[in-house]
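Only the coordinates and a few stated rules stand behind these numbers; no lab work does. Note that the structure is a prediction, hence the values are computed from the model and not measured. Heads up, the Cβs are rebuilt from the backbone with ideal geometry, glycines too, and the neighbour counts pull from every protein chain shown.
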Amino acid sequence: MKRCVFVLLIAVLPTSVFSQQEKTPIYKGDEVVITATRIEMPQRAIGRSVSLISSWELEHYKKISISNILRDIPGLDVTQNGGIGQPSSVFIRGAKSEHTLVMIDGLEVNDPISPGRSFDFAHLIPDGVERIEIIKGPQSTLYGSDAIGGVINIISKKGIKGPSILISGETGSYGSYRENIQTSGASNNINYNLSLSRLDFKGFSAAGEKYGNKEKDGYSNTNLSGKTGIKLSQNSSFNLMFRYINSKTDLDNMGGVFGDDPNYTSKEKQFYLKSQFTVDTFNKKWTQVYSFSFMENKRKYLNEKDTVHPDDFVDSNYNSRSYKIDFQNNVFANEMNTLAFGLEFEKEKGDSRYYSESMWGPYEAIFPNKETNILGIYLHDNMNINNTFLPTFGIRYDKHNIYGSSTTFHVAPVYFVNKSNTKLRASFATGFKAPSLYQLYSQYGDIKLKPEKVKGFDFGIEQYIYKENISFSAAYFHNDFSNMIDFESNLSKYVNTGKAQTSGIEIEMAVRPLPKIYLKVFYTHLKTLDKLTKKELLRRAKNKGGFNINYSVFDKINLNANLIYTGSRYDMDYSTWPAQRKLLDKYTKIDLTAYYDIYENLQFFSRIENLTNQVYEDVIGYGTPKRSVYLGFKFIY
């Protein structure tokens with residue numbers, strides 16, 4: 001029935017004007033970045049390590065999840081415990097996944113009730129997303145706790161003209177269906193964009209079919225997002241953003257042999273809201289930004305008894321909320337100096353209940369409602385000396401109601417060699433991460449825990465040649481983590497004993513040899529060290545690289561090929577007792593995408609993932625998709 005509706009939609013679409021694609025993203029030096037300095041600045045002026053995923057790339061790659069898109073970024077490792085909708089983590093430059101601060105339009109979305117206050121990328125899809133900004137390295141002077149590894153900011157689409165309506169649909173392997181409708185528009189005083197998406201996926205065994213697991217683990221996701229801006233007067237405006245996600249995932253007990261479980265499911269509801277009032281004073285020399293953010297996450301896990309697991313039952317709930325007020329001031333003193341300073345206050349709450357039954361009897365763990373709050377004061381100075389030397393300085397003070405205070409700082413200079421179109425940059429920064437609610441208050445927690453610390457630096461070069469049709473960048477980075485919070489099994493509690501070091505190089509090159517051909521290649525070499533065990537950190541590939549080629553034929557047909565190489569990396573194999581470290585095999589994965597603009601407003605596209613049917617694992621014991629084929633359409637009116 002769904003396939004019939006899919007075909008019928010295509011047949012009845014009227015004719016209008018299809019939006020023009022933006023140019024291939026070779027030279028990003030003039031592209032505006034918000035996340036790296038908390039104010040709009042061209043990328044060429046930023047001394048921090050920045051990676052951008054533009055709307056052009058989102059359109060041409062046509063990937064189904066944000067986590068798959070992030071795999072193409074130098075310095076990032078992405079893992080997933082199975083197929084679409086299964087738990088997914090991102091590691092930036094070897095840091096822990098909970099060391100990545102994730103934001104949507106500047107709203108922090110890390111889950112306060114998760115053990116490390118991390119973010120699960122499983123339920124984020126690219127519909128309604130304009131671009132993604134990734135800032136690598138410690139960013140605590142900008143955003144406080146959770147940002148000691150880096151920041152990923154997902155920026156929603158904004159209405160720029162219109163009104164217009166976008167309808168798209170896709171179907172393919174593993175019983176996959178995806179539908180999206182968006183409406184957007186703009187006038188002199190208002191702009192808006194509203195997106196509604198639905199994703200259904202019958203799936204495959206998350207526990208891995210090669211281990212004899214046959215039960216399919218399905219997934220469904222409804223995603224509603226909106227963004228609007230209202231110009232209240234000549235000098236003031238109001239913006240509102242929200243996103244609601246309702247998902248259901250079929251899970252397995254574990255990866256590997258006997259991992260299947262037909263009754264294990266999770267249901268999750270996420271709601272994010274941010275309002276922002278902006279006023280310009282003193283002839284736009286002083287901009288004041290007042291923001292209020294709210295996030296709520298509700299997760300429920302249910303595993304009922306079945307014939308294979310007659311003694312096993314699990315019923316658990318995890319609920320979290322956070323509120324944040326931010327008062328930011330941007331002072332444009334003169335052409336040589338821009339100052340950003342402000343005050344933040346954040347409160348987070350969480351509670352959970354875990355109940356299980358097994359052959360050893362019932363067990364219940366209740367985490368009563370607990371809360372923490374943190375107050376932050378920050379100051380950043382962005383200087384510009386003759387458009388040649390652009391140093392940035394920042395300092396921040398945070399006061400946590402449990403453990404006390406933290407002070408962090410950063411220095412990030414940029415120097416231009418204008419004759420050769422060369423950018424030299426460097427950064428040095430410190431950072432901290434506060435203990436999570438779970439680490440402080442659970443039965444394994446300790447209210448005396450101190451924040452994790454990091455000192456990190458990087459330096460790099462960016463070169464643009466041949467009328468900026470060729471870009472090249474290279475960077476070296478080094479981070480030292482101390483006071484890390486780890487679970488000590490002998491004490492059955494969290495302790496501040498962990499120490500780690502990460503370092504490496506990132507190389508990226510983009511070339512446009514002809515107007516209709518775009519090539520991109522990247523490589524990351526990463527070294528990690530657990531200073532206590534003297535072993536490499538888990539699930540971080542020592543070598544990773546990628547290659548992408550895009551070819552536009554007659555302005556109507558577009559072909560894209562994407563190759564990702566992931567080198568060997570260690571993981572823990574829990575199928576043995578005691579658990580053993582195991583080296584996961586390296587693999588190369590190739591994806592193909594093609595689209596054809598049949599009319600000015602109607603596009604058909606297709607996508608083949610894992611073209612060579614590569615067998616690989618991100619996490620020991622968990623399955624990954626085989627060769628998959630998808631077909632779809634997009635219509636704009």
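Quick one: grab the alpha carbon gyration tensor of the chain, order the square roots of its eigenvalues as a ≥ b ≥ c, and give me rounded if a/c is under 1.5, else prolate or oblate depending on whether a/b is larger than b/c. Rounded, since a/c falls under 1.5. Normalised by the number of residues in the stretch 2-636, the average gap of Cα pairs under 8 Å and 6 or more apart makes the relative contact order 13 percent. Of V33, V521, the sequence from fewest to most neighbouring Cβ atoms within 10 angstrom is V521, V33. For the peptides 114-121, 573-580, the ranking by packing is 114-121, 573-580, with the highest mean count of neighbouring Cβ atoms within 10 Å listed first. Rounded if a/c is under 1.5, else prolate if a/b is larger than b/c, else oblate: which is the stretch 262-409, with a ≥ b ≥ c the root eigenvalues of its Cα gyration tensor? Judged from the Cα gyration tensor, the stretch 262-409 comes out prolate (a/c at least 1.5, a/b above b/c).
Here D381 and V257 are evaluated by their C-beta separation; at R0 = 41 Å the FRET efficiency comes out at 0.10. Ranking S568, A426, L440 by how far each Cα lies toward the positive end of the dipole of the stretch 420-579 (charges on Cβ) leaves A426 at the top. Label sites at Y290 and K493, each approximated as a point 7 angstrom past Cα along Cα to Cβ, lie 4.4 nm apart. Using only side-chain charges placed at the Cβ, +1 for Lys and Arg and -1 for Asp and Glu, the dipole size of the chain relative to its Cα centre rounds to 1180 debye. Here the sum of -39500 (n - 2.57) over DSSP H runs of 4 or more residues, divided by the residues of the chain, equals -1000 deg cm²/dmol at 222 nm, to the nearest 500. Backbone N atoms of the stretch 62-84 closer than 18 Å to the 7 Å Cα→Cβ label point of K527 belong to residues 75.
Given R0 = 30 Å, the distance between the Cβ atoms of Y565 and L273 translates into a calculated FRET efficiency of 0.15.
Please label the shape of the stretch 131-248 as rounded, prolate or oblate, based on the square roots a ≥ b ≥ c of the eigenvalues of the alpha-carbon gyration tensor (a/c under 1.5 means rounded; beyond that, a/b larger than b/c means prolate, else oblate). Oblate, because a/c is 1.5 or more while a/b does not exceed b/c. Ordering of 41-47, 366-372, 628-634 by packing is 41-47, 628-634, 366-372, highest average first (other Cβ atoms within 10 Å, averaged per residue).
The calculated FRET efficiency for D555 paired with W56, based on their beta-carbon distance and R0 = 25 Å, is about 0.95. Here the extension length gained between K210 and K300 equals 29.5 nm, from 0.36 nm per residue of separation less the Cα-Cα distance. Does a label point 7 Å from the Cα of K455, set along Cα-to-beta-carbon, have any residues of the stretch 387-429 with amide nitrogen under 20 Å, and which are they? Under cut-off, by backbone N: 393-398, 405-413, 426-429.
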